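Q: One structure, as structure tokens, below. Some questions next.
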Amino acid sequence: MEKKDALINYCLRLGDSSLILGQRMAEWCSNGPILEEDIAMTNLALDLIGQARTMLTYAGEIEGKGRTEDDLAYKREEREYYNTLLSERPNGHFGDTVVRNFLHSAFFYHLYQALKNSSDEMIAAHAAKSIKEVTYHLRHSAEWLVRLGDGTSESHNKVQESLNNLWEFTGDLFEMNEVDELLIKEGIAVDLNSIKKDWDKTVNDVLERATLSRPEDEYMQTGRLDAMHSEYLGHLIAEMQFLQRAYPTAKW
Amino acid sequence: MEDIKKLEEFQAKIDAEIKIEPKDWMPEDYRKHLQRQISQHAHSEVIGMQPEGNWISRAPSLRAKVVLLAKIQDEAGHGQYLYSAAETLGKSRDEYIEELQTEKAKYSSIFNYPTLTWADMGAVGWLVDGAAIVNQVSLQRTSYGPYSRAMVRICKEESFHQRQGYEIMAHMANGTPEQKAMAQDALNRFWWPSIMMFGPHDSDSPNTGNAVKWKIKRETNDELRQKFIDKTVQQAEVIGLTIPDPDLKWNEEKGHYDFGEMDWEEFWRVVKGNGPCNKQRLNHHKKAHQDGAWVREAALAYAAKQKEKQLVA
């Protein structure tokens, strides 16, 4: 594998995860439990889609075939998407969303902390900018998780169940292959094993405050690295890409 | 006796263009009128998130998606500070929301029409926000301080939204034949409901009387409607779209456009709950509210626990 191909793939992983999670967060618009949450969740969606635009644009530039952020977002099939399995999980109820976002934001937080030192200037700058946003995302989801976990017995049971259901998708966040291997050598990518313990600590601390129990690491789902997804992604993408697919010659 | 004196002082303030503030004495009818009008305005911002939210997931470019999201976020923010302004009149946001959900309070009828194509995102911004701005610019001078200040803030953002909507329409009107057809269709569907947003003719408007005397309303429905039509007709011409009104023509003598009669039967039908989306919008709002009940309860329970811990410590 060439460094160029590895780098494109790496940027797609980052960009796709932000895009899909952003698309999920946007689904909350007008559905939040209070107006302030509608505003907050729209904010998360805006940040995430902004992050996706930067990484997809960069992936297109490295590729050098003139593909734009929109070509990459709207004209790839689901088997060409490299987002995390966690990011595509459906919103479910508010607690499901909070748990998914918490686990994912904690991952992004530690990933971007490390990528600030990437030898690739674009990725380093992207991480430095994104860390500010992701810090807020992590605080937002962690504070809600604590409130729901240590709120009523109903809310406690609900989010414990969300956590149990989503846990099997956390292993996928830390999987690596030859892309990582090559880029770690170049000082571009981060060894995900090295941020796993930071992620564990963040997760454990917040779960403790939330009076929730951390599920056992039993079987972990996998697939991100091979663009193998759940059935949910195809529907999300079909909806997202509808206009571009239906009117391929139109400009918007 | 006392009340007559207070009422005279109140009217003197209004006449002298001094704003009425929350703690000032005000006639009960003035308070009620404002509670109704400001909450209706807040509800409109919130319900208005639905027809636009309908297209976020399908926005045709990432830029368009971000612009639309930011716009809807602004609307939610407008709802938030309009509820705050309405709360200064002695009723809580929960009470206002209860009135909305039990259909004691209304919201703008325009949001009871569906958004069927991407061009509707253009039409809503250009026409619906455009009509709202004409009304809101006028309301910046309204006599109630908190409402007036909220309007100043809101107007800045709304004019931005209108330009974005017009940009979508212009872009589509100059696009492929399908895009142009979508743009014209959106204009056809939204034109009449938009000009009816200003409400019934002055001669049929039951709420105008005191509202003008008390300077809650600074211009009448018909005056505002005329302003909107005058500025919008040319904008349509510039991008090559046709306003669906065969009676529309420039009246040199009046210096205004003449226009055809609106379908008031449709207007009242939608106001009374039988528009294409009335039930959908309200049920959506109720469902989100009910689905979030356990979350709000959890937040309250958590806050109570924290308070208890502090007391023990």
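Q: Assigning unit charges at the beta carbon (Lys, Arg +1; Asp, Glu -1) and nothing else, what dipole magnitude in debye, to the nearest 20, does the range A:3-246 show about its Cα centre?
A: Working: 26 positive and 42 negative charges, 102 e Å.
Taking the Cα centre of the range A:3-246 as origin, the dipole is about 480 debye.
Q: Further question: What is the spin-label model distance, in nm, from residue B:159 to residue B:234 if the labels are put 7 Å beyond Cα along the C-beta direction?
A: 1.6
Q: Name the trypsin sites (Lys or Arg not before Pro) in the range B:220-313 that are in a loop by DSSP and that have at most 16 other C-beta atoms within 10 Å, would you? Don't skip to the end; give the middle numbers.
A: Working: sites: B:225, B:227, B:231, B:249, B:254, B:269, B:272, B:279, B:281, B:286, B:287, B:296, B:305, B:307, B:309; in loops: B:254.
Here the trypsin sites (Lys or Arg not before Pro) that fit, given the DSSP loop and packing criteria, are B:254.
Q: In nanometres, what is the gap between the two model label sites at residue A:2 and residue B:213, each 7 Å from Cα along Cα-to-Cβ?
A: Each label point lies 7 Å from its Cα, and together they span 8.2 nm.
Q: Once Rh for the range A:3-246 is found with the Kirkwood sum over Cα pairs, what is the Stokes-Einstein diffusion coefficient at 20 °C and 1.002 mPa s, in µm²/s? Each step should come with its number before you reach the end.
A: Working: Rh = 18.2 Å.
Taking Rh from Cα pairs, D becomes 118 µm²/s.
Q: How about the range A:47-149: which trypsin sites (Lys or Arg not before Pro) there lie in a loop by DSSP and see at most 12 other Cβ atoms within 10 Å?
A: A:65
Q: Please give the FRET efficiency for residue A:211 paired with residue A:246, using the beta carbon to beta carbon distance and R0 = 56 Å, rounded to the nearest 0.05. Mind dumping the intermediate values first?
A: On the way: r = 49 Å, r/R0 = 0.87.
So, using R0 = 56 Å, E works out to roughly 0.70.
Q: Next up: Quick one: buried accessible area between A and B, total over both chains, 1.4 angstrom probe, nearest 100 Å²?
A: Counting protein atoms only, the buried area is about 4000 Å².
Q: Using a 10 Å cut-off on Cβ to Cβ distances, tally the other chain neighbours for every residue of B:48-61 and report the average as a whole number. Don't skip to the end; give the middle numbers.
A: Numbers: counts 1, 7, 3, 1, 2, 8, 2, 1, 9, 9, 7, 7, 12, 10.
Going residue by residue through B:48-61 and averaging, the value is 6.
Q: Separate question: Provide a whole-number value for the mean count of partner chain Cβ atoms within 10 Å of the Cβ atoms in peptide B:301-310.
A: Details: counts 9, 11, 2, 1, 3, 2, 0, 0, 0, 0.
For peptide B:301-310, the averaged partner shielding equals 3.
Q: Give the total of Lys-Lys pairs in the range B:49-176 with Cα-Cα distances below 23 Å; include a pair only if its members are 8 or more places apart or on different chains. Mind dumping the intermediate values first?
A: Working: B:65/B:156; B:71/B:106; B:71/B:156; B:91/B:104; B:91/B:106.
Pairs that pass both the separation and distance tests number 5.
Q: Additional query: Give me the Kirkwood hydrodynamic radius of the protein assembly as shown, using the inverse of the mean 1/r over all pairs of distinct Cα atoms, in Å to one decimal. Spell out each step's value before the answer.
A: On the way: mean 1/r = 0.0385 Å⁻¹.
The answer is 26.0 Å.
Q: So what's the Cα pair-distance distribution over the range B:1-129, bin width 10 Å, in %?
A: Whole-percent P(r) values from 0 Å outward: 11, 34, 26, 18, 8, 3, 0.
Q: List the extent of the Cα atoms of the range B:1-64 along each of their three principal axes, largest first, rounded to whole Å.
A: 64, 20, 17
Q: Reported to two decimal places, what Rg/Rh ratio describes chain B when computed on Cα atoms with Rh from the Kirkwood expression?
A: Values: Rg = 21.4 Å, Rh = 21.2 Å.
Taking Rg over the Kirkwood Rh, I get 1.01.
Q: Between residue B:300 and residue A:218, what is the spin-label point distance in nm, taking each point 7 Å from the Cα along the Cα→C-beta axis?
A: Once both label points are built, they end up 3.7 nm from each other.
Q: Magnitude of the Cβ-charge dipole of the range B:28-88, K/R +1 and D/E -1, about the Cα centre, nearest 20 debye? Before the final figure, lay out each step's value.
A: Values: 7 positive and 7 negative charges, 61 e Å.
Using only the charged Cβ atoms, the result is roughly 300 debye.
Q: At a Förster distance of 51 Å, what's the computed FRET efficiency of residue B:9 paired with residue A:93, Cβ-Cβ distance as r, to 0.05?
A: Details: r = 54 Å, r/R0 = 1.05.
Efficiency, from the Cβ-Cβ distance: 0.45.
Q: Report in % the part of the accessible area of chain B that belongs to carbon and sulfur, leaving out ligands and nucleic acids; probe 1.4 Å.
A: On the way: 7720 of 14550 Å².
The computed percentage sits at 53.
Q: Past 30 Å, Cα to Cα: identify those pairs from B:215/B:249; A:251/B:249; A:129/A:185, in the order given.
A: On the way: B:215/B:249 32 Å; A:251/B:249 33 Å; A:129/A:185 24 Å.
As for pairs spanning more than 30 Å Cα to Cα, those are B:215/B:249; A:251/B:249.
Q: Can you pull out the GluC sites (Glu not before Pro) in the range A:143-211 that DSSP calls coil and that have at most 16 other Cβ atoms within 10 Å? Mind showing how you got there, number by number?
A: Numbers: sites: A:143, A:154, A:161, A:168, A:175, A:178, A:181, A:186, A:208; in loops: A:175, A:186.
Sites meeting the loop and neighbour criteria: A:175, A:186.
Q: Could you tell me the largest-minus-smallest coordinate of the C-alpha atoms of the range B:62-219 on each of the three principal axes, in descending order and whole angstroms?
A: 52, 37, 31
The values are calculated or read from the model by the stated rules, or taken from the named source; none is laboratory data. Predicted model, so just to flag it, every value in this text is computed and none were measured. So basically every Cβ, Gly included, is an ideal-geometry build from the backbone, and we count neighbours across all protein chains shown. Just so you know, the surface numbers come from the protein's heavy atoms only, side chains and all, with ligands and any DNA or RNA stripped out. Shrake-Rupley method; radii C 1.70, N 1.55, O 1.52, S 1.80 Å.
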